[in-house]
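Asker: Here it is: the structure, laid out below.
The values are calculated or read from the model by the stated rules, or taken from the named source; none is laboratory data. Because the structure is predicted, anything quoted here is derived from the model rather than measured. Methodologically, a virtual Cβ is constructed for each residue, glycine included, from the backbone with ideal geometry; neighbour enumeration extends over all protein chains shown. Keep in mind that these areas ignore ligands, DNA and RNA; they rest on the heavy atoms of the full protein, side chains included. Shrake-Rupley method; radii C 1.70, N 1.55, O 1.52, S 1.80 Å.
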Amino acid sequence: MTAPSGPSGALVRMFTERFSATRRGARLARQLALYELHDWGIPGTTRLAADAGLLIAELAANAVLHGRVPGRDFELRLILMDAVLRIEVSDARADRRPAVGPYTEQAESGHGMRIVEALAAGWGVVDRLVGKTVWAELPLADRSAGQGPPAGGFVAGLVRAAAVEGHAEVGGGGRGPAWVDGADAPTR
């Protein structure tokens, strides 16, 4: 288990499950995670559940598309602490690491990590004995108090959030792929 990145407080609940590294497994991971959050008292109508569902969908899809090793599953872990919800997705490919590339208007893919970066309070990658874990954290404050998704849908809210945070545009792709082999990873 990886340690929380910041002052997140005491562990309240944890959920861990392995899924097949397929599109169906990624979809099931998101659905089961939202069901678990509902059981924890975070209904699907809250902004926290909506943001968590989107992060889980993106991280699980990346594990399936970029972290897949035949015969190996990916793992989803949700950790609810008193100040943060941490989402972790682990796969078997340590050599393929996520990166946020520069925005390219014509790109048809590569948007996932931009969405993660815009929604999450923090995200990162931790190496494992076999593979890696990509994590993202959502603060509980202002996200679970009955607030629904942003007006205009998720993408409109994401664009507004990016503009407020000083990002010029939201998108993905760029000169390099959203996932790069270890030696080609851009430095920040």
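Asker: For segment 49-94, enumerate the residues that are among the small types (Gly, Ala, Ser), within 16 Å of Arg27 (Cβ to Cβ) and open to solvent by 20 Å² or more (accessible area, probe 1.4 Å).
Answerer: Ala57, Ala61, listed by residue number.
Asker: For segment 43-72, name all the residues that are assigned to a loop (DSSP other than H, G, I, E, B) and touching a Ser or Thr at 6+ places or on another chain (Cβ under 6 Å).
Answerer: The one that is assigned to a loop (DSSP other than H, G, I, E, B) and touching a Ser or Thr at 6+ places or on another chain (Cβ under 6 Å): Thr46.
Asker: Taking the conditions exactly as written (in contact with a strand residue (DSSP E or B) (Cβ under 9 Å, 6 or more places away or on another chain), surrounded by fewer than 19 Cβ atoms within 10 Å (Cβ to Cβ) and not charged (D, E, K, R)), does Val126 satisfy them or not?
Answerer: Taking the combined requirement at face value, the residue satisfies it.
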